[in-house]
Amino acid sequence: VGLGKTHLIQSIGNFVLKNNPSAKVLYTTSESFTNEVIDLLRKKKTNQEEIIEFRKKYRSVDVLLIDDIQFISGRDRTQEEIFNIFNDLFMKHKQIVLTSDKKPKDMEGIAERLISRFEQGLTVDIQNPDYETRMAILKKHALSKGIKVTDDKEDVDNANLLEALDYIATNFVSNVRE
């Protein structure tokens with residue numbers, strides 16, 4: 001949590017579009033996807049065209065990005081749709097990128113056949129940033145607020161700012177948002 005998975009997955013989508021503007025990239029959260037499935041199921045008169053449009057939306061992309069896939073746990077109908085979409089895109093040699101706060105094998109309440117598919121791709125474990133990276137993040141954040149931080153310790157104001165950033169970078173290590 002708080003390590004930049006959402007930022008990373010959105011950056012992947014932006015990178016694809018920058019390098020291939022005609023690519024069809026779709027970003028969604030597992031919650032939004034689940035809500036779409038629920039909305040389709042709740043309608044008393046969902047017609048076949050609505051179901052076809054829903055499936056076409058997800059199966060006609062070049063890159064599908066789903067954030068926080070762990071939240072489909074226990075959602076059988078959502079898992080069924082994702083399974084079918086995953087298979088369709090995989091067979092078409094399209095890209096699928098998922099984020100989760102757990103490794104596939106550690107996800108509970110998700111069908112084994114989905115876990116198996118999640119594991120067949122590249123799995124990357126994102127770790128807490130080291131001190132230097134935390135300092136760089138803090139300096140960049142300060143700059144975005146109009147505060148330039150340098151390594152000049154002779155400037156008293158800058159030295160005090162560096163000391164405050166050092167304190168934060170040293171004591172807040174598990175969540176970048178903190």
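The values are calculated or read from the model by the stated rules, or taken from the named source; none is laboratory data. From a predicted model like this one, the values you see are computed outputs, not experimental measurements. Because the Cβ atoms are built from the backbone with ideal geometry, glycine has one as well, and the counts that use them run over all protein chains shown. Surface accessibility is based on the protein's heavy atoms, side chains included, excluding ligands, DNA and RNA. Shrake-Rupley method; radii C 1.70, N 1.55, O 1.52, S 1.80 Å.
Placing +1 on each Lys and Arg Cβ and -1 on each Asp and Glu Cβ, with no other charges, gives the chain a dipole about its Cα centre of roughly 1020 debye. Of the residues Thr28, Asn160, Thr170, the one whose Cα sits farthest toward the positive end of the charge dipole of the chain, with +1 on the Cβ of Lys and Arg and -1 on the Cβ of Asp and Glu, is Thr28. Rolling a 1.4 Å probe over the protein heavy atoms leaves Arg113 with an accessible area of roughly 100 Å².
Inter-part distance, region 112-145 to region 34-74, computed on C-alpha centroids, equals 27 Å.
Given the pairs Lys105/Lys140; Lys24/Lys92; Lys5/Lys92, which are separated by over 24 angstrom at their Cα positions? Flagged as over cut-off: Lys105/Lys140; Lys5/Lys92.
Rounded to whole Å, the principal axis extents of the Cα atoms in region 41-87 read 30, 28, 16, largest first. Shown is the FRET efficiency for Lys105 and His7, computed with R0 = 35 Å from the Cβ-Cβ distance and rounded to the nearest 0.05: 0.90.
Residue-wise HN-Hα couplings along region 143-152, as the Karplus relation 6.51 cos²θ - 1.76 cosθ + 1.60 with θ = phi - 60° gives them from phi, are 4, 5, 9, x, 10, 8, 10, 10, 8, 6 Hz; Gly and Pro carry x.
For the chain, the spread of Cα coordinates along the three principal axes comes to 71, 37, 32 Å, biggest extent given first.
Over the chain, give the accessible area per residue in Å² for a 1.4 Å probe, as an integer. Walk me through the numbers before you get to the answer.
Working: 11910 Å² over 178 residues.
Each residue of the chain exposes 67 Å² on average to a 1.4 Å probe.
Net charge around Asp151, counting only other residues with Cβ within less than 13 Å of its Cβ (Lys, Arg = +1; Asp, Glu = -1)?
-3
Taken one residue at a time, the phi angles of region 27-41 give Karplus couplings (6.51, -1.76, 1.60, θ = phi - 60°) of 9, 8, 9, 5, 5, 5, 4, 4, 4, 5, 5, 4, 4, 5, 6 Hz. Gly and Pro are set to x. Between Arg59 and Asp155, the contour length at 0.36 nm per residue exceeds the Cα-Cα span by 28.8 nm. Taking every Cα-Cα distance in region 108-150 and sorting them into 10 Å bins from zero, the calculated P(r) comes out as 22, 25, 17, 21, 14, 1 percent. Cα convex hull, region 33-121: 88 Å³ per residue, rounded to a whole number. Where does region 122-173 land on the Kirkwood hydrodynamic radius, alpha-carbon pairs, in angstrom? Radius from the Kirkwood sum: 12.0 Å. Around Gln95, with a cut-off of 12 angstrom between Cβ atoms, what is the net charge of the other residues, counting Lys and Arg +1 and Asp and Glu -1? Here the count lands on +2.
Residues with beta-carbon under 13 Å from that of Lys140, excluding Lys140: net charge, scoring Lys, Arg +1 and Asp, Glu -1?
Residues near Lys140 contribute +3 overall.
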